[in-house]
Amino acid sequence: MKTVTISVVTGWLLLALTGCGSDTNNTTLPSGQLITTPTAQLALQSNTSCEALREYVVDTITDRYIAGAYPIPICPDCRTVEEDIVLEDAVPTSAPTDASTDSATFDDFTQTNSQEAGVDELDLVETDVNGNFYLVDGTTLVIANGLPPENLREIAAIGLTDTGYAHGLLLDASRQRLVVVMSGSIAAYPELASVSQDYWSPPSVELFFVDVSDPTNPVVDKQLLLEGYQIAARRIDSRVHLVSHFTPVTPAILYTDAELLDLLERYRDAVASNAGELALLEQQLRERIDELLLQIDINELLPQLWQKQAGGEYVSIPNPSCDVNRPDVSVYLALTSITSVDSDGANVNNLIVVNNAWNVYASENNLYLIQPSSGWWWDPWQREQTAIYKFMIGAGAAEYRAMGVVDGSAWSSFQFSEFKDYLRVATTRNEYDPATDVWTQDNHLFVLAGNLAGTLDIVGGVNGFGVDERIFSARFLGDRGFVVTFRQIDPLFAFDLSDPNNPQLVGELEIPGVSTYIHPLDDNHLLTIGFSGDMLGLNPGFQLQIFNVQDLASPEQVHEFTPDFGADGFAWTSAMYDHLAFNYFDAAKVLTIPVQHYAYSLDQHLSGFAAFSVDVEAGFTELGRLDHSDLARDIYCTDPLAATDGSVCEYGLYLEAANPLRSVSALVDDQTYIYTFSNVGIKASNANDFGTALSDLPLDYPYFYWWWPVDAPL
């Protein structure tokens, strides 16, 4: 066990940050027109020398310092900690009571509900055909087996770290490899920390590569550690692609140099007095920053990457010297890494991009970084637009291919879809034009295609639909597209995309409520979940719907179902905003979702799951509700906790701990079984009697909550 104490710096750097470069930081509106994103300048280029990167960093830091807009911390993404931070190597926990596995297999089962076929997404639970479930409980990897369903049991567990938290897992069943993605802080690795990290600790992402060829004896044989924090992860075949964000720690020399600080003070005084020496002071600032940055290795500003073999030390994987893809415009120095690695931890490649993307979409061959202007304004009068960067992904490092710009913003990966070399994008525009003093809110659908010049060109589009509404959900299915917008009613728009150069809005259906996720049932029907028409009433809840879209010109709602939870409290499900929590089993036509019903009477509360039969002819039939609150009570409502803080049990605070997360449906000997997973355990049920558990498995690594006494044992 290793321990390190980290000091705290509470001061903030009194320097400035703006989202626009020196060539676009106008404060008056030219010609009464909004500024369009400078597309040509945003195309990425790779540095050919450290000098080129250093000059770019000088420009971007200088522009930030002289802008005088917003104060920034020395390390925007870093943690400041006072307590000891502890890290332990991955070690097996106590042996399970029953590590045996059953020879039976699932005849069919649900896997991660990914957006695109062949593109696995990071999830909280992974499953294999042998009935093994892989999940991270707190900081512990747990493997359980659910065959037969009456004998749900833990077969292995490994403690990964004592710090950080898990984002999820990716299972490569063909290679019997598991990749666990966790976040933490570089402070947990004192042997890797730089001098500046005595006060600031950059976030970290760590990948644990686990051999699960014997599920009863999983072995962590490699680890990969990156500076930054995780944005997204995808697995395509046996290749994992991790997207992470890193904002460099401001070099100490830039906030301790007396000459630079004096220049900054003189510059601020000149701005305040409208003095005529601004141009001279700006040049002096640039020259001084240039001089100071000559004293450091510019590579130190890039996110670092380390690899660890089983039982060994972390070994640095150097970035290609100063090789950073960047636009030809001075912008805030935010870095995005696309790290590609095999599922066994081999063949590590890393691409670094100057980018501030928060949304990622991936097909089987390409990955797109989505950069909205709302997160990175180029000009005070910048139009609301989105820059899209395309990277080819495969066996080596990601390769930049093209970029394009569309009007509006997109918040979900489901608003993007690649099909036959075309990219379809649905956006919402919410834009104020000071020249006309008018706010405009509408929606657009664009079709883009790449060209040899490295540009994603708009080749077709439908502009201005759903006026005064915004997109709540979207789904592209082959040469068709469906978009749901909402303000007071729920329009479902249907698009014919068979001609990419001439996409057509051919149908529209307006009904109460709003769908927040769209799932294909078959070629002609959509299954959706969202808010009911009574979403603002006394008993708001969630709503299930089936739409017939065989005739795109006349989409039709054929079934609607709002589960009844009574007037006592309110019900909601994470499946409304997290598609990975939406478990539809096509083989049995069964939908299972996590449900929280917050009731005023504890006996009416539900922290568990609901299951429904889904039929395009008969509609919805609720199969039952399975609660996990009993598992939470068993953990949190026993001595000494009850004696220490009786309100935890008396007022139902423990119900928060029964947080329902995921479910897996499986077919075994012509019977459908549903396995449900929460923070406190796993339950197995027959779909025909879903409210009754055949077996359950409490998890032994409970989470800590705000109401849990710090010193209370578990």
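A short reminder: the numbers here are calculations on the coordinates, not readings from a lab. Just so it is clear, the model here is predicted, and its values are computed rather than measured. For neighbour counting, all protein chains shown are included, and Cβ atoms are generated from backbone atoms with ideal geometry for every residue, glycine included.
Work through the residues other than Tyr598 whose Cβ is under 14 Å from its Cβ and net out their charges, Lys, Arg +1 and Asp, Glu -1. Walk me through the intermediate numbers first.
On the way: positive: none; negative: Asp568, Asp603, Asp627, Glu656.
Here the charged neighbours net out to -4.
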Quiz item: Hey, what's the per residue convex hull volume over the C-alpha atoms of segment 428-578, in cubic angstrom?
Solution: 146 Å³
Practice problem: Can you tell me which of 269-280, 499-510 comes out highest on packing, and rank the rest after it, using the mean Cβ neighbours within 10 Å? | Solution: 499-510, 269-280
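Take the alpha-carbon positions of segment 374-510, form their convex hull, and give its projected area averaged over all directions (one quarter of the hull surface) in nm². Show your work: numbers first, answer last.
On the way: hull surface 38.8 nm².
That works out to 9.7 nm².
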Practice problem: Straight distance only, please: which lysines reach the Cα of Lys390 with their own Cα at less than 25 Å, same-chain residues fewer than 8 apart left out? | Solution: Lys420
Practice problem: Please work out, to two decimal places, the log10 of the ratio I(q)/I(0) at q = 0.11 Å⁻¹ from a Debye calculation in which every Cα of segment 574-689 carries one identical scatterer. | Solution: -0.40
Quiz item: Applying 1/(1 + (r/R0)^6) with R0 = 60 Å to the Cβ-Cβ distance of Asp689 and Glu300, what FRET efficiency is obtained, to the nearest 0.05?
Solution: 0.45
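Add +1 for every Lys or Arg and -1 for every Asp or Glu among the other residues with Cβ under 12 Å from the Cβ of Asp669, and state the total.
Numbers: positive: none; negative: Asp107, Asp108, Asp670.
Around Asp669, the charge tally is -3.
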Quiz prompt | Set of lysines with alpha-carbon distance to Lys683 below 28 Å, sequence-local pairs under 8 removed | solution = Lys589
Quiz item: Relative to the present Cα-Cα distance, how much length would full extension add between Ser613 and Glu313 at 0.36 nm per residue of separation?
Solution: 102.8 nm
Self-check item: Against the rule of thumb 2.2 N^0.38 Å, how large the Cα Rg of segment 460-509 comes out
Solution: 1.10
Quiz item: Where a Cα-Cα gap under 20 Å defines reach, which aspartates and glutamates qualify for Lys308, not counting those fewer than 8 residues away within the same chain?
Solution: Glu88, Asp89, Asp162, Glu191, Glu206, Asp211, Asp221, Glu227, Asp342, Asp344
Quiz item: Counting DSSP beta bridges in segment 274-383, what percent are antiparallel, to the nearest 5?
Solution: 95 percent
Practice problem: With a point put 7 Å past each Cα toward its Cβ, work out how far Ala435 is from Asn524 in nm, to one decimal. | Solution: 5.0 nm
